[in-house]
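The structure appears right after this line, and notes come after that.
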Amino acid sequence: MKLFATWICWGVCLAAGTLLEGATFSGSIDRPTIRFGESVKLTLRCEGSSPQTTQHTESPGQLDLMFLVRSDSFSIVNGIKFTSATFIYRIEPRREGEFIIPPFKVLVDGKLILSEPIRLKVVGANEKIPNDPAIGIDPGNTSQLEVELPKQEVYVGELFPISVRLMFQAAQDETIPQIRTEGIRFMLIRPRIEQSVRQIGDRLFKVLTYHNTAVASKTGKLEVVFETDLTTIDFSNNVFGARREIHLISKPVTLNVLPLPKEGQPAGFTGAVGDFNIAVAATPTNSATGDPLTLRVQIFGQGTLDDVPAPSIVEWKSFRSYPASTKLTFTDTMHRVSIKTFEQPIVPLEISIKEIPAIRFDFFNPYKKQYEMIESSPIALTLSPGTVQKNLSTPIKNPEIAPAPLFKHIRPEMGLLGQASPPLLLRPWFLFLQGLPLLACIGAWIWRRRKDYLDAHPEILRRNRVDQLTRQTLRGLRQSHASQSTDQFYGRSYSLLQEVIGERLGIEAAAISDSVIDDLKNRLSESDLASLRELFADCYRARYGHPYHLNAGRTLVALESVIRAIRAIHR
């Protein structure tokens, strides 16, 4: 029976060694069938190696590829180093149909490895997908994405609030959900985020609510859908948590966008939708004919004024007008109430003008569902006759004003003479500047020689780095060990032990654990070995949730003593 178990163990070890030696490259997508307008996530994973990049073997045709992120992993199994790399792409089809995602290739140890081609089916935007995965909730039921529309029916160009709610139990790298529906734009570049906690059943969820203000530029029934990528941490089957990258899609919410009515639309309507008012001012109101005035028009209220042009004053026959400058400001954080200011130079041409005519502004009020017109009051003007511009070619005949001389009089005396300065060759700063290139060359030569020496002796470079890290870490632990948390103090202590022991033994720091105590039996005294063993035990207690009876001050004294003993070991 023992012989049979021994053969089984040898077979498992040989199989594991074979898997670790040969590199594999594979690809997968999160959904084989999607609707048109959706995207799919392509995951390429290279096991046994960490290539620099990936390339597709042929053009993807009607598929748009966009690289998202790369992640690398490292582990040691039975003393064998095992690495892997993961590349994630987003694929968006340009039309409906069935596609073949071409194979990707990576270069590993001078050899090309190809992934398998993957089939992707794209159906219509309103078609149902058999065995469609849960929309808005991930397979582990640990996260959810919802859309909230207080108004289900709006007019085109009307502002309306919209909120997206992202719920999860534990996650990393939360990203702002992006809309997948065309014909909707937002007023805020970055939405306002509100955090809260919600209990669903016996589980607590962290809730991130993204508030924004939107405007629809396309009529008809729009299916509002948001999506986001999320890295969740699942603690259901693993006490330390298992990372899972998921792509969340919200349930579609129907928004009915009505067109603006044609009946009753004024001739001067320029597309403003909302509830507005107008204010007009002019400066100065007492001037001469032909002098320019500044006409300032402010349109303000709840609605969008982004594309609204300046009110037209072309019909003013007694004024000459120039192009207006525009400024748009918002008075609230959600950009629902705006003020658009137009400043336009105008010139009255006739002395008979007594006032600036009233300015009219037409808009559609979605709350009253009708067109409205607002008009400013006329502004009184007091004009005086304008002065006739004189001919600049005729000379000015005024005895009180003497003409300016054409040439300045040469000074009859030379004045004080300046003292001659010494030549540049005798000035110290000039000689110092001439020596700077030589000093730079000498410094570069010394730096290069030192770099070549460190490249030829990597153990010295590592020893210097560990010495600097030891000084900085011990200084930080001495200064703030009383104020640091237990996890942070013992985590830094454990990392420092890994670096010091790894440098002295000539192995990687990540592979250091309490098992190396056996390798140090013949190099350290019994008291130092006992202190090292107790240090590892305290670090494990702090890491795995048993920080009772731990004394940071005592641990710091033991840590300094053990590090001095380890640094005294000769490699």
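The values are calculated or read from the model by the stated rules, or taken from the named source; none is laboratory data. Since this is a predicted model, take the numbers as computed values, not measurements. Every residue, glycine as well, gets a Cβ built from its backbone with ideal geometry; the counts of neighbours run over all protein chains shown.
Structure values in brief
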read-out: Only one of LEU222, LEU208, LEU188 that is closer than 28 Å to PHE36 by Cα, at pLDDT 90 or above and within 24 Å of the chain's Cα centre (by Cα); value: LEU188
read-out: Hits in the stretch 24-40 (condition: modelled with pLDDT under 80 and either of a type in the set (A, V, I, L, M) or in a strand (DSSP E or B) (or both)); value: ARG35
read-out: THR6 being among the β-branched types (Val, Ile, Thr), surrounded by fewer than 16 Cβ atoms within 10 Å (Cβ to Cβ) and modelled with pLDDT of 75 or more; value: no
read-out: Every residue from the stretch 61-98 that is in a strand (DSSP E or B), in contact with a helix residue (DSSP H, G or I) (Cβ under 8 Å, 6 or more places away or on another chain) and not aromatic (Phe, Trp, Tyr); value: ILE76, VAL77, ILE80
read-out: Unmet criterion (only one of (1) under 27 Å from MET187 (Cα atoms); (2) touching a strand residue (DSSP E or B) at 6+ places or on another chain (Cβ under 8 Å)) for SER312; value: (2)
read-out: Unique residue being over 23 Å from GLY37 (Cα atoms) and among the acidic types (Asp, Glu) when the list is GLU158, GLU182, GLU148; value: GLU158
read-out: Members of the stretch 239-283 found to be surrounded by fewer than 16 Cβ atoms within 10 Å (Cβ to Cβ), of a type in the set (A, V, I, L, M, F, W, C) and more than 21 Å from ILE339 (Cβ to Cβ), listed by number; value: VAL239, PHE240, ALA242, LEU258, ALA267
read-out: Residue match in the stretch 260-276 (condition: assigned to a loop (DSSP other than H, G, I, E, B), in contact with a Leu (Cβ under 7 Å, 6 or more places away or on another chain) and β-branched (Val, Ile, Thr)); value: no
read-out: Residue list for the stretch 41-60, restricted to those being surrounded by 12 or more Cβ atoms within 10 Å (Cβ to Cβ), over 26 Å from THR175 (Cβ atoms) and either modelled with pLDDT under 80 or in contact with a helix residue (DSSP H, G or I) (Cβ under 7 Å, 6 or more places away or on another chain) (or both); value: GLY48, THR57
read-out: Single match in LEU497, LEU436, LEU477, LEU520 (criterion: of a type outside the set (Val, Ile, Thr) and farther than 30 Å from ARG543 by Cα); value: LEU436
read-out: Residue in the stretch 230-246 that is of a type in the set (D, E, K, R) and assigned to a loop (DSSP other than H, G, I, E, B) present; value: no
read-out: Qualifying residue in the stretch 50-71 (condition: outside the structural domain of VAL253 (by TED's automatic domain parsing), under 29 Å from the mean Cα position of the chain (by Cα) and of a type in the set (Lys, Arg)); value: yes
read-out: Test: residue in the stretch 69-92 that is at pLDDT below 85, over 28 Å from ILE512 (Cα atoms) and exposed (fewer than 14 other Cβ atoms within 10 Å of the Cβ); value: yes
read-out: Tally, over the stretch 99-135, of residues that are of a type outside the set (S, T, N, Q), outside any strand (DSSP E or B) and modelled with pLDDT of 70 or more; value: 8
read-out: Cβ-Cβ under 6 Å pairs, at least 6 apart or on other chains, the stretch 463-488 side modelled with pLDDT under 90, far side surrounded by 12 or more Cβ atoms within 10 Å (Cβ to Cβ) and part of a loop (DSSP other than H, G, I, E, B); value: THR486/PRO547
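Here is a yes/no grid of residues against (1) within 30 Å of HIS211 (Cα to Cα); (2) of a type outside the set (Val, Ile, Thr):
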position: THR329; (1), (2): yes, no
position: MET334; (1), (2): yes, yes
position: ILE346; (1), (2): no, no
position: GLN370; (1), (2): yes, yes
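Residues are listed down the side, and each one gets a yes or a no for (1) at pLDDT below 90; (2) loosely packed, with under 10 Cβ neighbours inside 10 Å; (3) more than 19 Å from THR283 (Cα to Cα):
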| position | (1), (2), (3) |
| --- | --- |
| TYR371 | no, no, yes |
| LEU381 | yes, no, no |
| SER384 | yes, no, no |
| THR387 | yes, no, yes |
| ASN391 | yes, yes, yes |
| ALA404 | yes, yes, yes |
